[in-house]
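The values are calculated or read from the model by the stated rules, or taken from the named source; none is laboratory data. For clarity, every value in this text was computed on a predicted model and none was experimentally measured. Because the Cβ atoms are built from the backbone with ideal geometry, glycine has one as well, and the counts that use them run over all protein chains shown. Each accessible area value is taken on the protein alone, full model and side chains, heavy atoms only, with ligands, DNA and RNA left out. Shrake-Rupley method; radii C 1.70, N 1.55, O 1.52, S 1.80 Å.
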Amino acid sequence: MEINHRLSLKDAKRIVVKVGSSTLTHENGRMNFTRMDRLAMVLSELMNEEKEVILVSSGCIAVGMGKFSLKKRPAAMGMKQALAAVGQCELMNIYSRLFATYNQTVAQMLLTKPDINDEIRKKNVLNTFRSLIDLGVIPIVNENDTVSVDEIKSLMMYGDNDTLSAVVTRLVEADLLIILSDIDGFYDSNPKENKESKLISVVDTINDEIRNCAGAAGTMRGTGGMVTKLDAAQIATQAGANMVIANGSDPIIIQKILNGDDVGTLFVKKQV
Ligand code: ADP
């Protein structure tokens with residue numbers, strides 16, 4: 001049973017990949033260029049294999065802080081938004097150059113949740129996604145911090161691009177959502193608190209027992225922890241997409257997931 005679910009990932013055609021700040025940055029908050037480059041290489045390779053890829057990427061505040069050599073996040077919301085605006089520009093500049101070395105064009109899509117809740121806006125967003133996919137471009141999605149403070153707030157509480165990536169997965173009817181994190185997958189308890197925790201390979205149903213395993217984020221740079229990742233899994237699997245949480249320390253893991261290897265945690269899609 002388990003093996004079949006894993007092997008079915010080989011057939012995934014439209015894939016959404018989400019990377020969090022903890023994957024894109026070093027512990028000191030500076031950009032991790034090696035990972036970003038590996039990510040650009042692997043995703044460009046998938047495009048060459050005629051897959052359709054959408055990247056959901058956080059990290060703009062971290063990049064903005066780096067631009068001004070700030071060690072601490074500023075307290076004022078407007079200042080955080082300003083750093084996000086500076087950082088988003090720089091982040092896209094870095095992605096654009098890295099992807100260009102693999103001959104891959106990327107596009108920026110900044111969204112807010114109301115954009116996807118409103119029928120007309122949703123249609124417009126979907127049109128853009130479809131046309132970019134037709135053009136062979138990789139859309140790079142982030143929350144639009146200029147008009148929405150949901151994600152910035154979540155850096156202090158929780159919530160995150162985790163759920164945004166699941167909403168995008170549902171919107172574009174992707175086959176698979178891959179969430180890259182700073183941990184190997186979903187464990188039966190928080191491994192940062194309990195050394196005996198065991199990695200769960202496959203989750204068929206997100207019930208109370210599974211929810212009780214999820215703890216909050218372990219690092220300052222991380223955001224939603226496993227709580228928002230389970231929310232994302234609920235949205236994605238109900239929309240008929242499989243979801244995998246895996247360690248983003250080497251993005252080559254994306255190829256292993258698509259090869260059907262037993263890495264990370266697979267949340268099995270519901271039949272729709
Ligand atoms: P990211 O930025 O990669 O999304 P987060 O910090 O938001 O990372 O989430 C990953 C963290 O969630 C892990 O490093 C771990 O400390 C924490 N966590 C809590 N409960 C669990 C669990 N059951 N399994 C795995 N990780 C868990």
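Structure values in brief
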read-out	value
Percent accessible area from carbon and sulfur atoms, the chain, protein chains only, probe 1.4 Å	50
At R0 = 25 Å, FRET efficiency that the Cβ-Cβ distance of THR105 and LYS198 yields, to 0.05	0.05
Using θ = phi - 60° and Karplus 6.51 cos²θ - 1.76 cosθ + 1.60, couplings along the stretch 253-264 (whole Hz; Gly, Pro as x)	4, 4, 5, 5, 4, 6, 8, x, 5, 7, 10, x
Spatially close lysines, pair count over the stretch 54-210: Cα under 21 Å, gap of eight or more or interchain	10
Accessible surface, the chain, averaged per residue in Å² (probe 1.4 Å)	47
Simple label model, 7 Å out from Cα along Cβ direction - ARG130 to ASP188, nm	4.6
FRET efficiency, MET79 to VAL147 (Cβ-Cβ, R0 22 Å, nearest 0.05)	0.85
Extended-chain gain in nm, criterion 0.36 nm per residue less alpha-carbon gap, GLN238 and VAL272	11.5 nm
For the stretch 162-177, 3J(HN,Hα) per residue [Karplus equation, 6.51 cos²θ - 1.76 cosθ + 1.60, θ = phi - 60°, Hz, x = Gly/Pro]	3, 6, 4, 5, 6, 5, 5, 4, 5, 4, 8, 6, 6, 8, 8, 10
Neighbourhood net charge (13 Å Cβ-Cβ; Lys/Arg +1, Asp/Glu -1) for SER131	0
Karplus-derived 3J(HN,Hα), 6.51/-1.76/1.60, for each residue of the stretch 9-21, Hz, glycine and proline x	5, 4, 8, 4, 9, 9, 10, 9, 10, 10, 10, x, 4
Extension gain, LYS10 back to GLU209 (0.36 nm per residue minus Cα-Cα distance, nm)	68.7 nm
Surrounding net charge for GLN271, when Lys and Arg each add one and Asp and Glu each subtract one, Cβ distance under 14 Å	0
Solvent-free Debye scattering, log10 I(q)/I(0), computed from the Cα coordinates of the chain at q = 0.08, 0.14, 0.15 Å⁻¹	-0.29, -0.96, -1.11
